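**Q** My questions will all concern the structure given below.
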Amino acid sequence: MIEARGLTKRYGRTVAVDRLSFDVRPGSVTGFLGPNGSGKSTTMRMIMGLDFPHAGQARIGGRRYRELRWPLREVGALLEARALHPGRSARAHLAALAASNDIPASRVDEVLGAVGLHGAAGRRAGKFSLGMAQRLGIAAALLGDPGVLLFDEPANGLDPEGIRWIRYLMKSLAAEGRVVFVSSHLISEVASTADRLIVIGAGKLLADTTVAELSAGSASLEDAFLDLTAGSAEYRAGPAGGLDDGPPGASQAGGYPSYPSAGRSS
């Protein structure tokens, strides 16, 4: 199980995650939803020990990530598809990860086959398309056969067949009794894959519920999500038929609001 208790993360004066608490339990796919900039990626990074919270804690199976002796054998994660050495082949990338966590070398070919990359195992990973890089990242997450899995936008870059495959994979992993925690902007995919939902906005918990419960009373999960997060989106389009001035600091460029570049997104 994943446990988050009072997680808080600040960047200067900006509170990215604000006293966030929730549990992600085994046996179901839990979707993680929120507008851009709501703190989803930051939360996942804190769970995986990549960012340190200013307050609160996250535990995996009752322990913090840094306390896990062989982390890849207990938790697998796809947070950034390009987090690899571009000069290494797909097989060499996975073999290095396996060796670092005392995972049998035979497992490398097993996961390459499971994600459909066996025929590309000898190619340099830096030459992979985004979709292939996503598959390699999923292979890395599965490498240690962990009981806990986190995926940040796993369908990103995948073609329709790949999206159907990732949908089946998520459900299959949960059916095996694993913890499956999936962040996505594709509400339709979450609606067809997830059983439970954690919804956040402006770093705060908005809902910890089931897909069915959140959708009840709305035409779709998307409508329910937009209603729930209406006050927490960073940017919102102006009314049709006229130009919106945008948030403070936005300037008009080519007839559309132009925003200063953001240093962080989620």
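**Q** Cα axis of helix 160-175 to longest principal axis of the chain: angle in degrees, 0 to 90, nearest 10?
**A** The answer is roughly 70 degrees.
**Q** Can you tell me, using C-alpha contacts under 8 Å and at least 6 residues apart, the relative contact order of the chain as a whole percent?
**A** Dividing the mean separation by the residue count of the chain yields 25 percent.
**Q** Kirkwood-based Rg over Rh for the range 97-173 (C-alpha set), two decimals?
**A** For the range 97-173, the value is 0.94.
**Q** Based on the alpha-carbon gyration tensor of the range 67-130 and its eigenvalue square roots a ≥ b ≥ c, which shape applies: rounded if a/c is under 1.5, prolate if not and a/b is larger than b/c, or oblate?
**A** Details: a/c = 1.85, a/b = 1.46, b/c = 1.27.
Note, shape of the range 67-130 comes out prolate.
**Q** Also, quick follow-up: Restricting to DSSP loop positions (anything but H, G, I, E, B) with no more than 12 other Cβ atoms inside 10 Å of their own Cβ, which GluC sites (Glu not before Pro) remain in the range 99-207?
**A** Passing sites in the range 99-207 are E176.
**Q** Taking the chain as a Gaussian network, Cα atoms linked when under 10 Å apart, which of R196, R13, R135 shows the biggest mean-square fluctuation?
**A** Result: R13 has the largest fluctuation of those listed.
**Q** Also, I was wondering about something else. Running a GNM on the chain with Cα contacts under 10 Å, which residue among G61, G231, G12 ends up with the highest mean-square fluctuation?
**A** G12
**Q** Also: Provide the net charge surrounding L78, with neighbours chosen by a C-beta distance below 10 Å and charges set as Lys +1, Arg +1, Asp -1, Glu -1.
**A** Net local charge, L78 excluded: -2.
**Q** Still on this model: Please identify the trypsin sites (Lys or Arg not before Pro) of the range 43-82 that satisfy two criteria: DSSP loop assignment and at most 13 other Cβ atoms within 10 Å. Which are they?
**A** R64, R69, R82
**Q** Each residue of the range 6-21 in turn: what ³J(HN,Hα) in whole Hz from Karplus with 6.51, -1.76, 1.60 and θ = phi - 60°, glycine and Pro shown as x?
**A** x, 4, 9, 9, 10, 10, x, 8, 8, 8, 7, 10, 10, 6, 8, 9
**Q** Short version: what are the Cα gyration tensor semi-axes of the range 159-203, square root of 5 times each eigenvalue, largest first, in whole Å?
**A** Numbers: eigenvalues 73, 46, 12 Å².
Largest first, the range 159-203 gives 19, 15, 8 Å.
**Q** Summarise the long-distance tail of P(r) for the range 1-96 by giving the % of C-alpha pairs beyond 24 Å.
**A** Every Cα pair in the range 1-96 considered, those over 24 Å come to 30 percent.
**Q** Could you list which residues have their amide H under 5 Å from that of G201, counting only those 5 or more apart in sequence or on another chain, with H placed in the peptide plane?
**A** HN-HN under 5 Å from G201: L206.
**Q** I'm spelling it out carefully: the read-out is Cα extents along the principal axes in Å, the candidates are [x] 59, 42, 39; [y] 49, 44, 28; [z] 95, 38, 37, and one was derived from this structure. Which label?
**A** [x]
**Q** Please list, in chain and number order, the residues 5+ apart from A155 or on another chain whose amide H is under 5 Å from its amide H, with Hs placed from the backbone.
**A** Here the answer is none, since no amide H 5 or more places off falls under 5 Å of that of A155.
**Q** Label-point separation (nm) for S218 and S21, each offset 7 Å from Cα along Cα-to-Cβ?
**A** 2.5 nm
**Q** Please turn the phi angles of the range 141-150 into ³J(HN,Hα) values with the Karplus equation 6.51 cos²θ - 1.76 cosθ + 1.60 (θ = phi - 60°), one per residue in order, whole Hz, x for glycine and proline.
**A** In residue order, the calculated couplings are 5, 7, 3, x, 6, x, x, 10, 9, 10 Hz.
**Q** Now, a different point. Gain in length, H54 to D208, computed as 0.36 nm per residue apart minus the alpha-carbon separation, to one decimal in nm?
**A** That pair, H54 and D208, stretches by 53.1 nm at full extension.
Laboratory data are not the source of any read-out in this text; all were calculated from the coordinates shown. Since this is a predicted model, take the numbers as computed values, not measurements. Ideal geometry is used to build each Cβ from the backbone, glycine not excepted, and the neighbour counts take in all protein chains shown.
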